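Structure, as structure tokens:
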Amino acid sequence: MPDFLLQMAPALRWALLAVFALLLVASSTIALLGVRYPGKDWRELKARINTWWWIVLVFSLTLIGQLHIALAVFGLISFLAFKEYLTLSNTRQADHVVLFWAYLAIPLQYFWIGISWYGMFVLFIPVYMLLLLPMRMVLIGETKGFLQSASSLHWGLMICVFSLSHLAALLTLPGSPAEGAKLVFFLVALTQANDVAQYLWGKSIGRRKASPTVSPNKTLGGLLGGIFTTTLLAWLIAPYLTPLSPLYAACAGVLIGTMGFIGDIVISAVKRDLGVKDSGTLLPGHGGILDRLDSLTYTAPLFYHFIRYLYF
């Protein structure tokens, strides 16, 4: 067994091995289906599963108990998400100088986490970057489209950097990155499971549209079924990965199930406004990185403060 797995908490180690086992089963199943039904096109499904292998492998680096490695990985994810967002949004030519300061906020945000400066971590982007970026834009002297550009740029930082940085901040809560890694796994596993559960419940019992103008495929049945499934999973696995009591574990499941749905449709609304189906092409079979992280943009900060308020 690799050394990094041996260094993990036993519960986290077995949970991660279970994820790799599921991926192995999925890859084997697709290979068998390809042999059994050679006339069907399995390329998209193969691409999805292959991408999941890379996602899980990269995600595993954040769970090995090395804070500096986790910060680097999460910082890179925020950078790629923000870059993808800027590609979609209409930034003004005059704002290219301002983008330097926006990108500089990414390493600084993760630096505050690395040195455990909570006050700066929660204020830097919501307050200081909110004030700095428009100030720098004013100095350029271009007023046409100023409000739209300033608000769009700051909202991108809030979603792609501030919200997602709470994943890394979870590693610092218990005082040990190895213990915090269990909280990160709990949050990410439940958020992704919620996405899958809502899809499956929606396909099986979904009738009434939950948000017909924003995401027509989302149904009320899928939403409620996903929340139920996520709450049940949270209640079952929380004793092994979190300090949550059964009641608080169920509350966390409801929070993640509900807010995961909201994060999904918020990013869907952004894409509809911009007239695109996917946020990018970085992840074959999935679209862009924001397509994969949309739910986490809401669940990560809310779960972080839920845990911090209760226990730290």
Positions within segment 69-126 being of a type in the set (D, E, K, R) and under 20 Å from the mean Cα position of the chain (by Cα), in sequence order: LYS83, GLU84
task: Those residues that are closer than 18 Å to THR87 by Cβ and assigned to a helix (DSSP H, G or I), I need them from segment 134-150; list them, please.
output: GLN148, SER149
message: Every residue in segment 20-35 that is open to solvent by 80 Å² or more (accessible area, probe 1.4 Å) and within 27 Å of VAL73 (Cβ to Cβ), please.
response: LEU22, LEU24, VAL25
message: Looking at the structure I just gave you, is LEU153 within 22 Å of the chain's Cα centre (by Cα), surrounded by fewer than 15 Cβ atoms within 10 Å (Cβ to Cβ) and within 25 Å of ALA72 (Cβ to Cβ)?
response: no
task: Would you tally the residues in segment 115-140 being touching a residue at least 24 places away in the same chain (Cβ under 8 Å) and more than 30 Å from TYR309 (Cα to Cα)?
output: 4
- request: Quick one: ASP294 ticks every box in (1) within 21 Å of LYS83 (Cβ to Cβ); (2) more than 19 Å from the chain's Cα centre (by Cα) except a single one, so which number is it?
  value: (2)
- prompt: Out of the residues in segment 36-75 that are free of Cβ contacts under 8 Å to residues at least 12 places away in the same chain and not in a helix (DSSP H, G or I), which is least open to solvent (accessible area, probe 1.4 Å)?
  reply: GLY39
- request: Name, by its number, the condition in (1) of a type outside the set (Ser, Thr, Tyr); (2) at pLDDT 90 or above; (3) under 19 Å from PHE186 (Cα atoms) that does not hold for PHE312.
  value: (2)
message: I'd like to check something: does segment 135-143 contain any residue that is touching a helix residue (DSSP H, G or I) at 6+ places or on another chain (Cβ under 8 Å), open to solvent by 20 Å² or more (accessible area, probe 1.4 Å), more than 21 Å from SER89 (Cα to Cα) and aliphatic (A, V, I, L, M)?
response: no
message: Considering only residues that are touching a residue at least 40 places away in the same chain (Cβ under 8 Å) and in a helix (DSSP H, G or I), which ones fall in segment 79-98?
response: LEU80, ALA81, PHE82, GLU84, TYR85, LEU86, THR87, LEU88, ALA94, ASP95, VAL97, VAL98
message: Going by what's in this entry, would LYS46 be described as over 30 Å from VAL127 (Cβ atoms) and charged (D, E, K, R)?
response: yes
task: Hey, can you tell me all the residues within segment 110-134 that are of a type in the set (Phe, Trp, Tyr) and open to solvent by less than 60 Å² (accessible area, probe 1.4 Å)?
output: TYR110, TRP112, PHE121, PHE124
- request: Would you please name the residue that is farthest from LEU22 (Cα to Cα), looking only at residues in segment 156-181 that are open to solvent by 20 Å² or more (accessible area, probe 1.4 Å) and within 16 Å of the chain's Cα centre (by Cα)?
  value: MET158
statement: Filtering helices (runs of 4 or more DSSP H) wholly in segment 199-293 for at least 1 residues that are open to solvent by less than 70 Å² (accessible area, probe 1.4 Å) and touching a His at 6+ places or on another chain (Cβ under 9 Å) gives 289-293
field: Search result, residues across segment 172-202 that are out of contact with any Gly (no Cβ under 7 Å at 6 or more places or on another chain), at pLDDT below 90 and under 15 Å from ALA11 (Cα atoms)
entry: GLU179
- prompt: When you go through (1) part of a helix (DSSP H, G or I); (2) over 18 Å from GLY202 (Cβ atoms); (3) open to solvent by 40 Å² or more (accessible area, probe 1.4 Å); (4) in contact with a Gly (Cβ under 9 Å, 6 or more places away or on another chain) one by one for THR297, which number turns out not to apply?
  reply: (3)
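The values are calculated or read from the model by the stated rules, or taken from the named source; none is laboratory data. Just so you know, these numbers come straight off a predicted model, no measurement behind them. Positions of Cβ are generated from backbone atoms using ideal geometry, with glycine treated the same way; all protein chains shown enter the neighbour counts. What goes into the accessible areas is simple: the full protein's heavy atoms, side chains included, and nothing from ligands, DNA or RNA. Shrake-Rupley method; radii C 1.70, N 1.55, O 1.52, S 1.80 Å.
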